[in-house]
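Have a look at the structure below, then the notes.
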Amino acid sequence: TRILQQDPGLDAPVQVEVGGRTIGLPVAARDGHLVGRDSELAHLRALLSEALSGASRFALVEGEPGIGKTRLQEEVAAWALAAGATVVWGRCHDGDGAPAFWPWLEVLRRLLDALPEPERRAALTPALRQLLDATGAGPHGPAGSLGGIIAAPFALYGAIGGVLETVARRGPLVVMIDDLQWAD
């Protein structure tokens, strides 16, 4: 009866507490488009709140194809954006054809684009520049080879970590890697 009468007491909340701040829920959450994920959302909201307060947090969302993992991540990304975080995505692709490190290339391009020029130049170490150029993601297109990078992975991993650290120093950072099961 209350549903048929459209009782406002049944409406979803329009605000939530995240990172010590009250933010508006994304429209999809208010409209009920994400169904049956209350427990997962509560857990991810708590992790996000801790992360927005300065702690490093990690979450892995797993499950069968088509059950809404990406949709759940989109909800968390919307909360993070509403709370002032930088949110970047990398997506793994099913099948061959994507360059090595593809999801990280997507993340790195977006993060580097967000940095002011002096910080961007400082973040572009030789290993990172070689990776971006060799995969066609850099300013010079496909010019090199991944051989040198793969032979010295610590330099590359350090450079990627350096970019993440540079951006995270400017404010909260949320990195999402979707479809990790297809990572190279």
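The values are calculated or read from the model by the stated rules, or taken from the named source; none is laboratory data. Nothing here was measured: the structure is a model prediction, and the numbers come from that model. Using ideal geometry, Cβ is built from the backbone for each residue, glycine included, and neighbour counts are taken over all protein chains shown. SASA here: full protein model, heavy atoms, side chains in, ligands and nucleic acids out. Shrake-Rupley method; radii C 1.70, N 1.55, O 1.52, S 1.80 Å.
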Problem - Those residues of region 65-117 which are among the polar types (S, T, N, Q) and out of contact with any Pro (no Cβ under 8 Å at 6 or more places or on another chain), in sequence order - result: T70, Q73
Fill in the blank from the handout: Taking region 79-109 and keeping residues surrounded by 14 or more Cβ atoms within 10 Å (Cβ to Cβ) and within 14 Å of R170 (Cβ to Cβ) leaves A85, T86, V87, V88
Exercise for the section: Please work out which residue is modelled with the lowest pLDDT, limiting yourself to region 49-72 and to residues that are among the hydrophobic types (A, V, I, L, M, F, W, C) and surrounded by 12 or more Cβ atoms within 10 Å (Cβ to Cβ). Expected result: I67
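The rows are residues; the columns are (1) in a helix (DSSP H, G or I); (2) within 24 Å of V167 (Cα to Cα); (3) modelled with pLDDT under 85.
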| site | (1), (2), (3) |
| --- | --- |
| T1 | no, no, no |
| H33 | no, no, yes |
| L47 | yes, yes, no |
| E74 | yes, yes, no |
| A78 | yes, yes, no |
Handout entry: Every pair of residues 6+ apart whose Cβ atoms lie under 9 Å, when the first sits in region 43-65 and is under 17 Å from T86 (Cβ atoms) and free of Cβ contacts under 8 Å to residues at least 40 places away in the same chain while the second is among the aromatic types (F, W, Y) and part of a loop (DSSP other than H, G, I, E, B)
Key = L47/F58
Practice task
Within region 115-130, identify whether any single residue is modelled with pLDDT of 85 or more, among the charged types (D, E, K, R) and touching a Gly at 6+ places or on another chain (Cβ under 7 Å), and answer yes or no.
Solution key: yes
Handout entry: Single unsatisfied condition, I67 versus (1) over 19 Å from G36 (Cβ atoms); (2) assigned to a loop (DSSP other than H, G, I, E, B)
Key = (1)
Fill in the blank from the handout: Residue count, region 152-184, condition open to solvent by 40 Å² or more (accessible area, probe 1.4 Å) and touching a Phe, Trp or Tyr at 6+ places or on another chain (Cβ under 9 Å), comes to 4
